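Data first, discussion second: the structure below is written as structure tokens.
Quick note: the coordinates plus some simple rules give every number you see, no bench work behind them. In this text, all values refer to a predicted model and were calculated from it rather than measured experimentally. Note: ideal-geometry Cβ built from the backbone for every residue, glycine included; neighbour counts use all protein chains shown.
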């Protein structure tokens, strides 16, 4: 087995045997990694809270055939403000689940790692209504499924855009409308998110338009994954 160092974000954990956990991590250099944290559930474990979902960690691992083995871990950021707030936990859980479901193991994707880390930092600083939907839309774009928002996905016209359809892959004009109706304000927000002005979108207060974008982003991701995220139920309740 070869030894390697990396940093990553804990996506999820589950029990293995009486004292171990399996940990899914989105690492910067090795993509999604499944690894065993031995003895982590013991009272005297050195790892403990360092390997909880959302935590950003530095790791030393042995590469195994199926599961790697975590030998050292140091927390870089616990994101304590997220973990202390039920609404932020729900939102973070939805982002972690999206990455876990969308990403194949051992396919290095430093841009995705950076996107997730940036989203968690944004959520830590300010639970803006568009952090999660903005992340979903940027995630789809990064994976090659960028929704069309500059014009009608059917004919290309840039005016009178009144609907969004996941089958068509984006906004639609009045002549080709199907799917969900969208307001001009929601169209403007979609263009901010996917047009390189996510920061401006995150400054928008909660409104009916931010609610529209949230539902559209959730539906678009569910269409791509061919299933709805379990964490979205918690997000809806938050």
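To the nearest 0.05, what FRET efficiency results for residue 141 and residue 66 with a Förster distance of 41 Å applied to their C-beta separation? Write down the numbers at each step before the final one.
Numbers: r = 32 Å, r/R0 = 0.78.
The value I calculate is 0.80.
Could you rank the peptides 105-113, 160-168 by their average count of other C-beta atoms within 10 Å per residue, with the highest value first? Provide the component values of the computation, followed by the final result.
On the way: 105-113: 15.2, 160-168: 18.9.
Taking the mean over residues of other Cβ atoms within 10 Å, the ranking is 160-168, 105-113.
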Which of 3, 137 has the fewest other C-beta atoms within 10 Å, and how do the rest follow up to the most? 3, 137
Contact order relative to length of the range 128-237, as percent, for alpha carbon pairs under 8 angstrom and 6 or more apart: 28 percent
Label point 7 Å out from residue 183 along Cα-to-Cβ: which residues of the range 204-222 have amide N under 18 Å? 204-218
How do 231, 208, 154 rank when sorted from fewest to most other Cβ atoms within 10 Å of their own Cβ? 208, 154, 231
Give me the percent relative contact order of the chain, please, defined on Cα pairs under 8 angstrom at least 6 residues apart. 16 percent
0 to 90° range, to nearest 10: angle between helix 184-194 axis and the chain longest Cα axis: 40 degrees
Quickly work out the residue 203-to-residue 3 label distance, labels modelled 7 Å from Cα along the C-beta direction, and quote it in nm with one decimal. 4.9 nm
At 0.36 nm per residue, and after removing the present C-alpha to C-alpha distance, how many nm does the segment from residue 215 to residue 84 gain when stretched out fully? 44.6 nm
Please give the helix 86-102 orientation as an angle from the longest Cα principal axis of the chain, in degrees from 0 to 90, rounded to the nearest 10. 90 degrees
Once both axes come from the Cα atoms, what is the angle between helix 208-225 and the longest principal axis of the chain, in degrees from 0 to 90, rounded to 10? 60 degrees
Estimated inter-spin distance, residue 108 and residue 126, nm [label 7 Å along Cα→Cβ]: 3.5 nm
